[in-house]
Amino acid sequence: MAENHAEDGAGNGQKTDGKAVHWADEYAAKIVREKGEKEQYVCASGITPSGTVHIGNFREIISTELVARSLRDMGKNVRFIYSWDDYDVFRKVPANMPNQEKLQAYLRFPITMVSDPWGRDESYARHHEVDVETVLPRVGIRPEYLYQAEKYRASAYAEGIRKALEHRAELKNILDRFRDGDHKIRGAWWPVSVFCDTCNRDETEVLGWDGEWTLSWQCAACGRRAAVDLRSARGVKLLWRIDWPMRWEYEKVDFEPAGKDHHSQGGSFDTARLVCREVYNWEAPVSFRYDFIGVKGRGGKMSSSQGDVITLADLLEVYTPEVVRYLFAGTRPNTEFTISFDLDVIKTYEDYDRLERIAWKKEAAKSEDACLRDRRIYELSQVEQPPAIMPYQVPFRHLCNLLQISGNDIERTISALRDNGADIRPEQVPGLAARSVCALNWLLNYAPDEFRFALRPAGERADLSPEEAAAVRRLRDTVVARIGDFETDKPCAEAIYKAAEDVGIDGKTLFRAVYQALIGKDQGPRLANFLRSINRDRLLSILSAY
């Protein structure tokens, strides 16, 4: 019914003797090999907070964190930075945002200047940033946050902007290398854009640069003309394909993954690599391509701008932090996979529990290599270090049944487990309670109707035929009355079939009658296990109506 292994496990923080048995370890070794021994390695990630940050975006965050953790496990000093590109342009109002008309007024503004439509934070950008920053620690991710609006407005990148202007022709040639004839840059081109200091929009045209620090521009929206000093200008910003490699050099980035759209041939990573090397004299970071994530029952790529997204907070309603980490640590980044909210949630928990048993040497892996890999996945799945003792395991499906038997009361569920002989240690209770919360959320919000049930109150009678009622009485008197005598489900199941035989009906008919008597449905959980999970006196009180 449940497992409690508290001693002699491998999930105690031990490493796998330095072997690169996991993809994060492989990339950590590659970083050291390609970048050489350094006092500090910089791992970077980031996103534009243009809308809800979804689990597809989270894949980049956790992929970076896993590599950073692996580097630290090698004894390396790591700086993990996460850039909020909140000085990007607000181009589109996502469909899931409130106050659509109000947000429309801010189109072409920098995102950091868009009003928060919820009224909670100082800006639209900050609202999305806070949503992510408050939830990431729950899964053990605590990067150093960089806010690009602050950086640009403080003129931190003045040197990088000037260098781009100095290499304007070279940058144009780099970008054109990956474009066909119809898409090459035509006419005047500048590697910068400007937010107007009067109307705040980026509908400006660069008029010229004096070869030193002064840039002149004109706003098409309001007619404003100005000349600004790059060393104090607040609104001048590099174009994306120049901005990214400039920051690689500025922050000395050694590793940064990117989505497969950026890693496509001739995509932004290819151009950024050349810009970084040929203009900023810095080698691009080690990288890999991560693939998209689907959600069971919903097709296509998630899009913040469309608003059709699932967030990390949504995921944590159904999966514990360790299982969330497992979903990503257990899948290579370049593999597309689907996260389920349907019945496959049960299988995900079953897979994680098996991994845990292997890590704690309570179940054998297929091979020694598989054991090392599984132990490392388990280790990287933990929010911090693996626990001192193995968590108490109760299968997710069974836990859902116990919750419903207990009227969706978590404390009663845990007490019922103990009453049935479960040896649950005090330090195991928080983890069991956390899994119970996820199971309850899944039951209430995602489980199919056929999975849900509620026990009838004592005295309530189902509409059964005389033969069915006789079968229920027989089961009550020969099986339920001595339910505590069955140490496993097998002898209990045998006794159930014997009760059906005694009254001359088939097992299927008896099962239906018992489910109707107990939960008012034709089907339900596996009957032997179900009966053994319910308090004997409670069962007798319900079935006494027959």
Suppose the filter is without any contact (Cβ under 8 Å) to a residue 24 or more places away in the chain, part of a helix (DSSP H, G or I) and not aromatic (Phe, Trp, Tyr); does ARG59 pass it? no
If I ask for residues that are charged (D, E, K, R) and not in a strand (DSSP E or B), which ones from the range 192-217 would you list? ASP197, ARG201, ASP202, GLU203, ASP210, GLU212
For the range 17-49: of the residues being at pLDDT 95 or above and small (Gly, Ala, Ser), which is surrounded by the fewest Cβ atoms within 10 Å (Cβ to Cβ)? GLY36
When you check ALA164 against the structure, is it hydrophobic (A, V, I, L, M, F, W, C) and in contact with a Pro (Cβ under 9 Å, 6 or more places away or on another chain), yes or no? yes
Given the conditions (1) of a type in the set (A, V, I, L, M, F, W, C); (2) crowded, with 24+ Cβ neighbours inside 10 Å; (3) over 18 Å from PRO191 (Cβ atoms); (4) touching a Gly at 6+ places or on another chain (Cβ under 9 Å), which single one is not true for ILE242? (3)
Could you check the range 83-125 and list, in sequence order, the residues that are buried (at least 17 other Cβ atoms within 10 Å of the Cβ), in contact with a strand residue (DSSP E or B) (Cβ under 9 Å, 6 or more places away or on another chain) and farther than 15 Å from ARG201 by Cβ? SER83, TRP84, ASP85, ASP86, PRO94, ALA125
Candidates GLU144, GLU133, GLU129 - the one that is closer than 16 Å to GLY46 by Cβ and surrounded by fewer than 14 Cβ atoms within 10 Å (Cβ to Cβ): GLU144
From the options GLU363, GLU322, GLU368, GLU336, residue that is in contact (Cβ under 8 Å) with a residue 24 or more places away in the chain and surrounded by fewer than 21 Cβ atoms within 10 Å (Cβ to Cβ): GLU336
When you check ARG532 against the structure, is it under 40 Å from the mean Cα position of the chain (by Cα) and not hydrophobic (A, V, I, L, M, F, W, C), yes or no? yes
Those helices (runs of 4 or more DSSP H) lying entirely in the range 80-191 with at least 2 residues over 29 Å from VAL275 (Cβ atoms), in contact (Cβ under 8 Å) with a residue 40 or more places away in the chain and not aliphatic (A, V, I, L, M): 124-135
Give, as residue ranges, the helices (runs of 4 or more DSSP H) completely inside the range 405-489 that count at least 3 residues that are closer than 28 Å to PRO321 by Cα. 410-419, 429-445
Is there a residue being within 38 Å of the chain's Cα centre (by Cα) and β-branched (Val, Ile, Thr) anywhere in the range 203-218? no
Please state which one of ALA156, ALA149 is surrounded by fewer than 16 Cβ atoms within 10 Å (Cβ to Cβ) and under 35 Å from the mean Cα position of the chain (by Cα). ALA156
Can you tell me which residues in the range 490-529 are in a helix (DSSP H, G or I), loosely packed, with under 14 Cβ neighbours inside 10 Å and within 41 Å of the chain's Cα centre (by Cα)? LYS490
Can VAL253 be described as within 24 Å of VAL67 (Cβ to Cβ), in contact (Cβ under 8 Å) with a residue 40 or more places away in the chain and in a loop (DSSP other than H, G, I, E, B)? yes
Which ones in the range 357-370 are touching a helix residue (DSSP H, G or I) at 6+ places or on another chain (Cβ under 6 Å) and assigned to a helix (DSSP H, G or I)? ILE358, ALA359
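The values are calculated or read from the model by the stated rules, or taken from the named source; none is laboratory data. Treat the numbers as computed from the prediction; the structure is a model and nothing was measured. Virtual Cβ from ideal backbone geometry, glycine too; neighbours counted across all protein chains shown.
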